[in-house]
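A short write-up of the structure that comes next.
The values are calculated or read from the model by the stated rules, or taken from the named source; none is laboratory data. Since the model is a prediction, treat every value here as computed from it, not as a measurement. Don't worry about glycine lacking a Cβ; one is built from the backbone with ideal geometry, like all the others, and counts go over all protein chains shown.
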Amino acid sequence: MGQYTASQRKNVRILLVGDAGVGKTSLILSLVSEEYPEEVPPRAEEITIPANVTPEQVPTSIVDFSAVEQSEDALAAEINKAHVVCIVYAVDDDDTLDRITSHWLPLVRAKCNPSLDGEGDAEAEAEGDTQREPIRKPIVLVGNKIDLIEYSTMDSVLAIMEDYPEIESCVECSAKSLHNISEMFYYAQKAVLHPTSPLYMMEEQELTSACKKSLVRIFKICDIDGDNLLNDYELNLFQRRCFNTPLQPQILDEVKAVIQKNVPDGIYNDAVTLKGFLFLHCLFIQRGRNETTWAVLRRFGYNDQLEMCQEYLRPPLKIPPGSSTELSHRGQQFLIAVFERYDRDGDGALSPEEHKMLFSTCPAAPWSYSTDIRKSCPINETTGWVTLHGWLCRWTLMTLIDVVKTMEYLAYLGFNVHENDSQLAAIHVTRERRIDLAKRQSSRSVYKCHVIGPKGSGKTGMCRGFLVEDMHKLIGKEFKTNVVNCINSVQVYGQEKHLILRDIDVRHALDPLQPQEVNCDVACLVYDSSNPRSFEYVARIYIKYYAESKIPVMIVGTKCDMDERRQDYLMQPSEFCDKYKLLPPHLFSLKTNKKELYTKLATMAAFPHLRQFGLMTEDPKLWLKAGLGVAAATMLGFIVLKTISAAGAHTR
Ligand SMILES: Nc1nc2c(ncn2[C@@H]2O[C@H](COP(=O)(O)OP(=O)(O)OP(=O)(O)O)[C@@H](O)[C@H]2O)c(=O)[nH]1
Ligand SMILES: Nc1nc2c(ncn2[C@@H]2O[C@H](COP(=O)(O)OP(=O)(O)OP(=O)(O)O)[C@@H](O)[C@H]2O)c(=O)[nH]1
Ligand SMILES: [Ca+2]
Ligand SMILES: [Ca+2]
């Protein structure tokens with residue numbers, strides 16, 4: 001996970017400026033040779049320190065400036081190229097200290113923002129003002145020749161820092177005695193890699209709102225038991241995840257004592273409150289320990305602009321054509337833990353409020369509560385709330401159809417931190433479908449079934465029927481929300497499989513189907529058995545799109561509780577199925593509340609090579625027996641996923 005803990009910056013360029021004779025060249029040469037050079041040239045060559053000898057493991061270039069050798073234009077160019085500017089003064093020479101504010105700081109500001117330059121015309125200035133914030137290059141103030149004096153210039157320097165927020169730090173050192181030389185370059189490096197300004201507002205002495213927002217999210221993710229406090233266990237886990245070391249009990253007590261002393265409501269019941277947590281980070285930054293806060297932020301995926309970075313949200317995942325994406329066991333375990341954490345009243349379901357809280361660490365919920373997850377997954381039919389089973393179903397659906405979004409949301413929810421691994425560990429990429437076909441067994445556990453049929457044939461009723469205990473209630477119900485996918489699990493020869501029913505909406509009977517509407521693991525072609533003008537559409541769709549394909553097809557006659565009518569078509573449905581070697585039409589009705597249809601569809605999806613099964617027998621019992629034989633032979637090829645609860649096979 002180390003890759004996410006460092007700044008994105010791949011190199012650091014440090015420029016030294018300051019009055020003549022303050023010791024810029026001497027400082028650079030002292031650092032490089034580790035001894036004080038008596039004789040120095042006017043300007044040191046640019047040097048690059050390799051990554052492995054710098055404290056932050058980033059290659060660092062150090063650039064000298066000499067007014068004797070360089071023009072003002074050259075200086076401007078160097079200021080712009082540098083990531084950080086060290087303004088050097090001599091502690092024994094007050095003039096050089098005064099020149100920091102009278103000359104050097106305004107000069108650096110002006111060169112970084114040419115349009116704001118006092119010499120520019122007023123129009124350009126006004127424009128520049130409104131267009132963007134002025135660029136503030138980080139600055140380090142360096143007082144050299146500390147070997148010559150007995151006192152400190154820090155007081156005057158701290159006063160300057162208050163007026164110039166771009167000053168990241170200040171240091172007194174000596175090229176002669178080598179005092180604080182490596183520290184000085186370390187501070188410069190730190191000003192670039194762990195800058196203060198995105199985190200903290202010097203003037204207000206407060207965290208920036210972006211920083212606060214990120215830390216609030218981090219606090220919530222770390223608060224495992226959801227009591228809005230970080231107890232010792234949670235703090236320890238947090239510490240180990242961010243810094244790879246356990247927190248010493250004594251240090252923990254000290255930290256809590258410091259918080260208690262400064263913000264009395266920062267500690268409650270011997271645990272850290274959000275206020276205490278934010279104070280602690282404020283304190284780190286005020287004490288110059290930005291790197292601590294940055295390490296935490298980066299561990300939770302933030303980049304230098306305090307946005308969640310792309311690589312963290314969307315690690316590259318290779319999905320060969322014909323493979324699909326499912327949740328791995330670890331992914332499921334994580335989501336179960338998240339569910340249980342936010343099921344505050346422990347009733348085994350997420351209320352709208354709990355669902356909202358759960359996603360409060362994300363920019364928004366990935367789906368709507370009332371019009372999506374409640375309608376596309378099995379729910380608790382008494383309260384109408386989302387059960388654990390429905391929750392996992394919804395994630396399974398998203399993982400199959402939009403795995404990138406699954407990965408993003410896992411990251412927002414803290415998978416990478418809690419599991420100490422990237423979200424890729426939560427995803428299982430199945431082997432290619434052609435290998436499944438060749439080996440005559442499927443290793444997958446999630447299948448997609450497209451439900452296609454003429455208008456009003458009962459497609460939506462059939463899809464929703466998959467989710468409820470009593471389908472009877474759906475008759476005559478108007479489906480107001482347009483839910484495309486319904487997902488639930490079924491047992492296929494003792495294995496839990498998820499089946500997604502996708503309602504393919506036909507606007508006009510003659511509209512062609514798009515390839516993404518045709519392609520699926522099993523197609524369910526639906527006609528209304530009580531309507532004589534219904535089968536023709538299904539027959540046409542079959543001949544046009546499925547007769548030549550490898551996709552298993554099931555013909556379903558709906559509303560079989562009503563009188564069956566002869567179809568106005570050149571063949572009756574059963575003759576048609578016979579001719580095309582399909583299973584005979586499955587007669588279905590919401591009224592009878594029988595669920596074998598869904599098991600049958602999942603079975604066909606799981607054993608796609610049995611497409612021609614209709615040829616072998618018309619007796620559904622024999623069909624199942626033959627299937628069982630195949631299943632027994634292939635059982636070892638399945639990944640057995642933990643079943644969540646032992647209640648009915650369809651709605652749990
Ligand atoms: N006592 C003491 N003298 C120093 C120290 N650093 C530099 N000097 C002396 O200060 C003088 C100027 O040093 P340089 O390194 O040339 O200074 P510079 O800032 O590069 O000067 P320019 O190149 O003229 O801009 C030299 O005589 C150095 O020996 C120090 O830490 N202590
Ligand atoms: N008697 C009876 N009526 C049913 C059954 N299934 C659906 N219906 C009714 O048939 C009508 C159409 O059902 P839907 O499920 O909306 O059909 P659809 O194919 O999704 O329709 P569109 O979305 O308009 O293409 C509704 O009035 C249902 O109540 C059933 O099994 N028996
Ligand atoms: Ca010099
Ligand atoms: Ca807690």
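Structure data summary
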| item | result |
| --- | --- |
| Wholly within region 388-449, helices (runs of 4 or more DSSP H) carrying at least 2 residues that are more than 23 Å from the chain's Cα centre (by Cα) | 433-439 |
| Filter result (more than 13 Å from ligand 3 (Cβ to nearest atom) and touching a Lys or Arg at 6+ places or on another chain (Cβ under 9 Å)) within region 28-45 | 36 |
| Flag for residue 266 being among the small types (Gly, Ala, Ser) and free of Cβ contacts under 8 Å to residues at least 40 places away in the same chain | yes |
| Unique residue being over 26 Å from residue 97 (Cα atoms) and of a type in the set (A, V, I, L, M, F, W, C) when the list is 22, 53 | 53 |
| Residue match in region 515-535 (condition: in contact with a Phe, Trp or Tyr (Cβ under 6 Å, 6 or more places away or on another chain), within 30 Å of residue 327 (Cα to Cα) and in a loop (DSSP other than H, G, I, E, B)) | yes |
| Residues being of a type outside the set (Phe, Trp, Tyr), surrounded by 14 or more Cβ atoms within 10 Å (Cβ to Cβ) and either touching a Lys or Arg at 6+ places or on another chain (Cβ under 7 Å) or farther than 17 Å from residue 552 by Cα (or both) - total across region 575-593 | 6 |
| Extreme residue, surrounded by the most Cβ atoms within 10 Å (Cβ to Cβ), among residues of region 254-296 that are under 17 Å from residue 228 (Cβ atoms) and of a type in the set (S, T, N, Q) | 273 |
| Residue match in region 201-210 (condition: of a type outside the set (Val, Ile, Thr) and buried (at least 22 other Cβ atoms within 10 Å of the Cβ)) | no |
| Which listed residue is out of contact with any helix residue (DSSP H, G or I) (no Cβ under 8 Å at 6 or more places or on another chain) and outside the structural domain of residue 542 (by the TED database), from 399, 382, 406 | 382 |
| Answer residue from region 505-533, given it is under 11 Å from residue 451 (Cα atoms) and of a type outside the set (A, V, I, L, M) and is surrounded by the fewest Cβ atoms within 10 Å (Cβ to Cβ) among those | 505 |
| One residue from 336, 373, 379 being of a type outside the set (S, T, N, Q) and surrounded by fewer than 16 Cβ atoms within 10 Å (Cβ to Cβ) | 336 |
| Among the candidates 299, 341, 314, 330, residue that is touching a helix residue (DSSP H, G or I) at 6+ places or on another chain (Cβ under 6 Å) and in the same structural domain as residue 413 (by the TED database) | 330 |
| Lone qualifier among 19, 73 - being touching a Lys or Arg at 6+ places or on another chain (Cβ under 7 Å) and more than 16 Å from ligand 4 (Cβ to nearest atom) | 19 |
